[in-house]
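Just below is one structure, and these are the notes that go with it.
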Amino acid sequence: MVAPLVTTDWLREHVRDPRVRIVDCRFRLGEPGAGEPLWREGHIPGAAFIDLDRELAAPPGQRGRHPLPDAATFEAAARRAGIGPGTLVVAYDEAAEGGAARLWWLLRHFGHDAVTVLDGGLRAWREEGGELVAGEERVEPGDFRAAAAPPAKDAVTAEELAAATAGDSAAAATGGGDRAARGRGGAPVLLDARAPERYRGEVEPIDPVAGHIPGAVNVPFAELAPEGRFLPPAELRARFEAAGVHSGDEAVAYCGSGVTACVVVLAAEVAGIGAARLYPGSWSEWSGRGLPVERGEGPQ
């Protein structure tokens with residue numbers, strides 16, 4: 001098993017290891033194409049670049065602002081980045097904004113488990129005196145092959161969530177709803193990764209409707225990895241337990257468009273509580289389809 005995170009010290013020792021492929025996944029929300037110029041300006045030696053908007057997502061549409069890419073698109077991007085069956089991939093972004101976690105999730109989704117994320121991202125690498133290089137990189141193409149049938153259990157659809165939340169709401173209305181029981185044989189625990197004010201529906205800077213999916217609990221992704229560094233496993237477990245997720249429970253993470261929710265899924269792995277699932281369409285799909293909305297603090 002590959003650990004979900006590596007340190008800057010580890011990467012300094014392995015930065016020129018031919019078995020390791022480093023991938024820069026920086027992006028800026030609302031600025032498609034902003035990541036590649038940043039990579040050209042300065043990146044970790046040997047790092048390839050993968051574009052979140054073009055290669056880690058399909059074009060925006062009914063499935064949300066960052067739908068999952070099809071297998072062919074992702075396979076081509078991974079090959080161009082030099083990824084093959086025997087490659088250990090180290091993904092990084094600036095400071096846990098979601099790009100690296102999205103690549104981590106997608107590689108596992110398409111059958112490549114040898115992937116980890118640089119804890120602290122490029123910010124930590126830079127602050128600790130790590131070498132940076134500018135310009136292009138000559139990357140030998142890899143022979144990555146995307147799994148023909150990705151696992152169905154690592155993601156959920158809007159239809160599945162709508163059915164689960166409807167059942168949970170009905171149970172609550174008749175006195176049978178229990179937050180502690182969610183995730184254990186009933187509806188999954190829904191984890192909303194967005195900032196608290198967006199979760200509560202006080203502001204909505206991107207999507208047309210404010211609020212959250214009924215029954216969701218707010219677990220802001222930025223609080224799990226302050227300044228890009230993930231909290232220790234025990235502290236992460238405490239955060240998840242406070243949200244009603246214990247080891248072995250079923251949890252589903254979502255955000256605005258399925259990117260920063262990957263940070264929550266990664267944090268669950270770091271915490272050792274088990275694999276949380278991703279709702280790729282997230283709030284951009286859910287609200288765009290006119291599905292039920294809840295505002296305020298949510299379940300306590």
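Yes/no per residue for (1) in contact with a helix residue (DSSP H, G or I) (Cβ under 9 Å, 6 or more places away or on another chain); (2) over 14 Å from residue 107 (Cβ atoms); (3) open to solvent by 10 Å² or more (accessible area, probe 1.4 Å):
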| position | (1), (2), (3) |
| --- | --- |
| 44 | yes, yes, no |
| 56 | yes, no, no |
| 64 | yes, yes, no |
| 88 | yes, no, yes |
Within the stretch 161-184, is there a residue that is at positive phi, loosely packed, with under 13 Cβ neighbours inside 10 Å and either at pLDDT below 85 or charged (D, E, K, R) (or both)?
-> yes
Filter the stretch 205-228 for residues that are under 21 Å from residue 62 (Cα atoms) and modelled with pLDDT of 95 or more; which is most open to solvent (accessible area, probe 1.4 Å)?
-> 209
If we only count helices (runs of 4 or more DSSP H) wholly inside the stretch 184-245, which ones have 1 or more residues that are in contact with a Lys or Arg (Cβ under 7 Å, 6 or more places away or on another chain) and within 16 Å of residue 299 (Cβ to Cβ)?
-> 196-200
Return yes when residue 161 is over 17 Å from residue 102 (Cα atoms) and in a helix (DSSP H, G or I) and no when it is not.
-> yes
Give the residue, chosen from 106, 38, that is open to solvent by less than 10 Å² (accessible area, probe 1.4 Å), in a helix (DSSP H, G or I) and closer than 25 Å to residue 264 by Cβ.
-> 106
Filtered residue count, the stretch 273-300, keeping only those that are under 22 Å from the mean Cα position of the chain (by Cα), hydrophobic (A, V, I, L, M, F, W, C) and either at pLDDT 95 or above or open to solvent by less than 20 Å² (accessible area, probe 1.4 Å) (or both) | 5
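The values are calculated or read from the model by the stated rules, or taken from the named source; none is laboratory data. These figures come from a predicted structure and were not determined experimentally. As a convention, Cβ positions derive from the backbone with ideal geometry for all residues, glycine included, and neighbour counts pool all protein chains shown. These accessible areas exclude ligands, DNA and RNA; they are computed on the full protein's heavy atoms, side chains included. Shrake-Rupley method; radii C 1.70, N 1.55, O 1.52, S 1.80 Å.
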